[in-house]
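In what follows, a single structure is set out as structure tokens and then discussed.
Where a number appears in this text, it was derived from the coordinates with a stated rule and is not lab data. Since the structure is predicted, the reported quantities are computational estimates derived from the model, not experimental observations. For neighbour counting, all protein chains shown are included, and Cβ atoms are generated from backbone atoms with ideal geometry for every residue, glycine included.
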Amino acid sequence: MPSKAFYDLHIHSCLSPCGDDDMTPNNIAGMASIKGLNIVALTDHNTCGNCPAFFSACSNYSLIPIAGAEITTAEDIHSVVLFDSLEGAMDFNELLRTKRTLIENDSTIFGRQVYMDDCDRVVGEEKYLLINAVDISIDDIHGVAKKYGGIAYPAHIDKDSNSIVGVFGTVPESDFTVYEFANRSNIDSYISRFPAIADRLYVSSSDAHYLWDINEMVNHFDILSDLSDAASVRAEIFSILRGDIK
């Protein structure tokens, strides 16, 4: 009998310049637990740098963590990238370092970009602004993520800014198996407008930059694995995201 696994797969920590200073790895995990979530992904802008601390924090709350990032592609389109292992995410993070536009961050304008350890102690700040576009196109992000055990999909396609629809005015045919919506009520109208997204998986996450914006128990996957077995649940989630399980 399937269990409902409640998720939020798009959350920013204090490493994102637009993320609130209270969005520490431990605070995110604690709030996700309070809200009754089971599966939580950390997706900072163009970096996985706080994912190791986040994984440690989630272990204190029996949460299933997923390492990820929100990539700003060369076209200025946001794409969520999630990895089936922390190691794969951190290898991808090294690639990202070579793909960023190196403009120094002005924290008085954009906000701080803070690296944390697993005790929420500041261990450093990112020198270069993380919200600029990286040198990976929307056409390539799916394949690049796959090389590191990851999956990529367009973020908040029903928003005007930094979305595939906002930039292109349409959704081209692609290999994406998932599309993210900011508002699930828009799914049917977008399917009718953009046939390329038909028969795909649709997810909806918070894109939280503040603790109070993290999702409640509103979105879920039906999971056959025991929710206490993090490795099995994570593997099943990625099978769902990749379209192996309908």
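Distance between the pseudo-spin-label points of Arg242 and Arg200 (7 Å out from Cα toward the beta carbon): 1.8 nm. Zone of Ser107 (label point 7 Å along Cα→Cβ, backbone N under 15 Å): which residues in the stretch 17-61? Residues 17-24 qualify, since their backbone N sits under 15 Å from the label point. Each of Thr170, Thr98 was scored by other Cβ atoms within 10 Å of its Cβ. Arranged with the fewest first, they read Thr98, Thr170.
Stretching Leu227 away from Asp21 to a fully extended chain increases their span by 71.1 nm, per 0.36 nm per residue minus the current alpha-carbon distance.
Under 19 Å from a label point 7 Å along Cα→Cβ of Met217: give me every residue in the stretch 1-42 with its amide N that close. Correct set: 1-9, 29-41.
Counting DSSP beta bridges in the chain, what percent are antiparallel, to the nearest 5? Could you put the intermediate results ahead of the total?
Numbers: 19 of 33 bridges.
Here the share of antiparallel DSSP bridges comes out near 60 percent.
Along the axis of the charge dipole computed for the chain (Cβ charges of +1 for Lys and Arg, -1 for Asp and Glu, origin at the Cα centre), the listed residues Thr24, Leu86, Met1 are led at the positive end by Met1.
Quote the convex hull volume per residue of the stretch 35-101, based on C-alpha atoms, as a whole number of Å³. Write out the running numbers ahead of the final one.
On the way: hull volume 5.7 nm³, N = 67.
So the per-residue Cα hull volume is 84 Å³.
By the beta-carbon count within 10 Å of each Cβ, the least crowded to most crowded order of His220, His209, His12, His45, fewest first, is His220, His209, His45, His12. A Cβ-based charge dipole, computed about the Cα centre of the chain with Lys and Arg at +1 and Asp and Glu at -1, lands at about 300 debye.
Alpha-carbon geometry of the chain: the Rg and the Dmax are 16.7, 52 Å, given in that order. Annotation note: GluC sites (Glu not before Pro) in the stretch 126-196 located in DSSP loop regions with a Cβ neighbour count of at most 15 within 10 Å are Glu173. For Val123 and Lys147, the difference between the fully extended length at 0.36 nm per residue and the C-alpha to C-alpha distance is 5.7 nm. Residues whose amide H falls under 5 Å from that of Leu9, counting only those 5 or more places apart or on a different chain, are Ala41, Ser206, with hydrogens built in the peptide plane.
Within straight-line reach of Lys99, meaning a Cα separation under 18 Å, sit the following lysines at least 8 residues removed in sequence or on another chain: Lys127, Lys146, Lys147. Sorted fewest first by neighbouring Cβ atoms within 10 angstrom, Met1, Met90 come out as Met1, Met90.
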